[in-house]
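J.: Have a look at this one before I ask anything.
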Amino acid sequence: MFCFAQPQPLLSKKLYRYCFALPFLGNAVKPASPTIVPPELDTRSAFAIVSLPPNAQGDGHLVQMEARYHGLLEAAPDAMVVVNQDGAIVMLNVQAEKQFGYSPNELVGQKVKNIIPKGFAERLIADGTRTAAEALAQQIGTGIELIALRKDGSEFPIEIMLSPLESAEGILVTAAIRDISVRKAAERHLAQMESRYRGLLEAAPDAMVVVNQGGAIVLLNVQAEKQFGYSRDELVGQKVKNIIPEGFAERLVADALRSEEDALAQQIGTGIELTGRRKNGSDFPIEIMLSPLESTEGILVTAAIRDITKRKKAEAHLLQKVEELKRSNGELGQFAYVVSHDLQEPLRMVASYTQLLAKRYKGKLDSDADEFISFAVDGASRMQRLIQDLLVYSRVGTKTQEVLDTSSEDALQQALINLRGAIEESGALVTHDPLPTVPADEVQLIQLFQNLVGNAIKYQGPGVPLVHISATRNINKEWTFSVQDNGLGIDPQYFEKIFGLFQRLHKREEFAGTGIGLAICKKIVERHGGGISVESQPGHGSTFRFALAGSERKS
């Protein structure tokens with residue numbers, strides 16, 4: 001109630017008081033005109049004249065308090081509505097007018113149900129469902145979510161927080177009203193995302209477990225239930241250590257042993273092999289792949305868990321087979337060496353006596369006898385060469401020297417010394433570029449050059465054999481050696497065949513040999529971690545290439 005006094009000459013000389021029924025001062029409540037009440041009618045009712053002595057300060061203090069309250073309402077970021085016990089709006093701020101789409105003064109005096117159809121009026125103190133104590137106890141952030149109605153009829157979600165306010169007109173209720181459309185949309189989007197994420201989890205072929213930073217399981221899929229033998233309710237909230245005792249919890253972001261950057265950097269396929277534990281206590285091998293997931297509860301860790309029992313069994317079986325094969329190859333190599341070595345002595349005896357028969361009885365018997373003896377001598381000689389080559393082949397994997405930095409140029413020179421007779425007989429011209437130092441078994445490197453250069457000299461047509469050896473280094477620091485000739489050449493269909501044991505492209509009458517030379521070359525190169533190949537065309541010579549690891553030392 002705001003009153004002031006001044007003379008009213010038209011009526012009398014008495015001092016009349018002008019009073020405005022203002023629960024709060026401001027533009028929200030403005031009577032069209034003041035009520036003029038003579039002093040004798042002052043009954044001090046709710047809207048009567050408050051008769052004060054001329055020097056009284058009570059009304060001025062009240063006006064100041066009401067002005068401050070109104071200022072606070074207008075400064076509030078949310079819509080503010082003040083409602084009396086009858087559910088009528090007695091005051092509101094500019095934010096409320098904007099939020100509900102009304103012009104100033106349209107809402108004052110209207111029922112609050114016009115803008116909040118349900119849930120607000122039912123909570124007013126007047127109806128007994130909400131006590132003053134309960135209203136005062138309500139804290140910020142514990143608002144009530146309702147549906148509001150704009151002037152145009154559109155609805156939108158709101159959150160209201162109610163507080164009681166004592167006034168001269170009785171208990172009023174102040175409502176702070178916040179439009180939560182954006183938040184609700186975000187919640188719907190989040191719910192959709194969570195639904196999709198859960199759908200993805202359920203569709204995954206592997207067990208999927210989501211764990212918080214405290215190491216507790218917050219979500220899992222059906223595959224996880226089957227894999228570990230638990231029902232969903234049994235695992236949610238439990239520590240992940242119950243199903244993966246070691247190695248998982250230690251990798252969570254929260255324990256500082258695994259940063260978020262590390263988690264994000266982990267790629268699919270770089271899983272961690274751990275041990276899982278089923279409900280029945282049995283352990284089994286698993287591979288887990290971890291990924292961070294941001295949520296409202298903080299960073300979660302999603303684990304894709306794959307049972308690798310079959311893979312581990314297959315690996316163990318493969319390892320067993322590899323060991324058996326290695327042992328078998330070792331035994332086979334040893335057998336070939338022993339057989340080749342032990343056969344040499346009786347074969348030398350056979351060869352010696354057949355050669356003796358050829359010398360002593362050639363021409364003394366009939367022509368058939370001479371031919372038979374010749375066949376025996378030739379067969380014994382070929383058998384000796386074959387056994388010697390087999391012996392060399394078996395020694396590549398058994399009788400080896402240490403791999404040391406070796407001058408390939410020195411090895412070539414030694415090979416050429418060994419081939420001196422063939423070079424002089426054929427008139428071959430063998431040239432080479434500067435050659436590098438490579439890690440190699442020196443004896444085997446000499447054998448490699450000797451076989452390749454020897455073949456280049458042997459498989460020639462009319463003319464002078466030309467052989468050139470060179471080496472180039474690739475980006476992987478490997479040296480690729482080339483042995484190029486101008487010989488007969490090789491049909492491309494035989495490029496793979498010629499590196500097998502006992503493989504010959506020519507008849508024995510044309511070229512001597514056992515068909516083991518290139519097989520020895522292949523085995524030597526592979527023992528040094530390289531590969532060998534050939535490029536050729538019939539009548540245009542051949543180029544054999546083999547790769548060896550490089551050395552930091554130069555020749």
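The values are calculated or read from the model by the stated rules, or taken from the named source; none is laboratory data. Predicted, not measured: the structure shown is a model, and the values here were computed from it. As a convention, Cβ positions derive from the backbone with ideal geometry for all residues, glycine included, and neighbour counts pool all protein chains shown. These accessible areas exclude ligands, DNA and RNA; they are computed on the full protein's heavy atoms, side chains included. Shrake-Rupley method; radii C 1.70, N 1.55, O 1.52, S 1.80 Å.
J.: Expressed as a whole number of Å, what is the distance separating the alpha-carbon centroids of segment 293-325 and segment 425-457?
T.: Spelled out, the Cα-based centre of one part sits 49 Å from the other.
J.: Determine the sum of side-chain charges near Ser482: Lys and Arg each +1, Asp and Glu each -1, restricted to other residues whose C-beta is under 15 angstrom from that of Ser482.
T.: Local charge sum for Ser482: -3.
J.: Also, quick follow-up: HN-Hα J couplings of segment 363-372 from phi, Karplus 6.51/-1.76/1.60, θ = phi - 60°, integer Hz, Gly and Pro as x?
T.: Result, ordered by residue: x, 8, 10, 6, 4, 5, 4, 4, 5, 5 Hz.
J.: Here is the link list: Lys326/Lys497; Lys477/Lys522; Lys113/Lys151; Lys226/Lys313. Which ones come out longer than 19 Å on Cα distance?
T.: Exceeds cut-off: Lys326/Lys497; Lys477/Lys522; Lys226/Lys313.
J.: Just how much of Leu72 is accessible, in Å², when a 1.4 Å probe is used and the result is rounded to the nearest 10?
T.: Around 120 Å² of this residue is reachable by solvent.
J.: Here is a further query. Give me the extension gain from Phe495 to Gln238: residue separation times 0.36 nm, minus the current Cα-Cα distance, reported in nm with one decimal.
T.: So the chain would gain 86.1 nm between Phe495 and Gln238.
J.: Now, a different point. Rounded to the nearest 0.05, what FRET efficiency is calculated for Glu74 and Glu297 with R0 set to 35 Å and r the Cβ-Cβ distance?
T.: After rounding, the FRET efficiency stands at 0.40.
J.: Right, next: Out of the total accessible area of segment 399-466 (probe 1.4 Å, heavy atoms of protein only), what percent is carbon and sulfur?
T.: That share works out to 51 percent.
J.: A further question follows. Tell me, in nm to one decimal, what length is gained between Gln85 and Ile272 on full extension, where the rule is 0.36 nm per residue of separation less the Cα-Cα distance?
T.: 60.7 nm
J.: Show me, for segment 303-317, the HN-Hα J-couplings you get by feeding each phi into the Karplus relation (A = 6.51, B = -1.76, C = 1.60, θ = phi - 60°), rounded to Hz, glycine and proline as x.
T.: Values per residue, Gly and Pro as x: 10, 8, 10, 10, 6, 10, 4, 4, 5, 5, 5, 5, 5, 5, 5 Hz.
J.: Determine the distance separating the Cα centre of segment 154-182 from the Cα centre of segment 195-247; give it in Å without decimals.
T.: Taking the Cα centre of segment 195-247 as reference, the centre of segment 154-182 is 43 Å away.
J.: Highest mean first, what order results for 157-168, 349-360 on Cβ atoms within 10 Å?
T.: 157-168, 349-360
J.: Hey, can you grab everything whose amide H is under 5 Å from the amide H of Asn221? Only 5+ residues off in sequence or another chain; H modelled, so Pro and N-termini drop out.
T.: Met208
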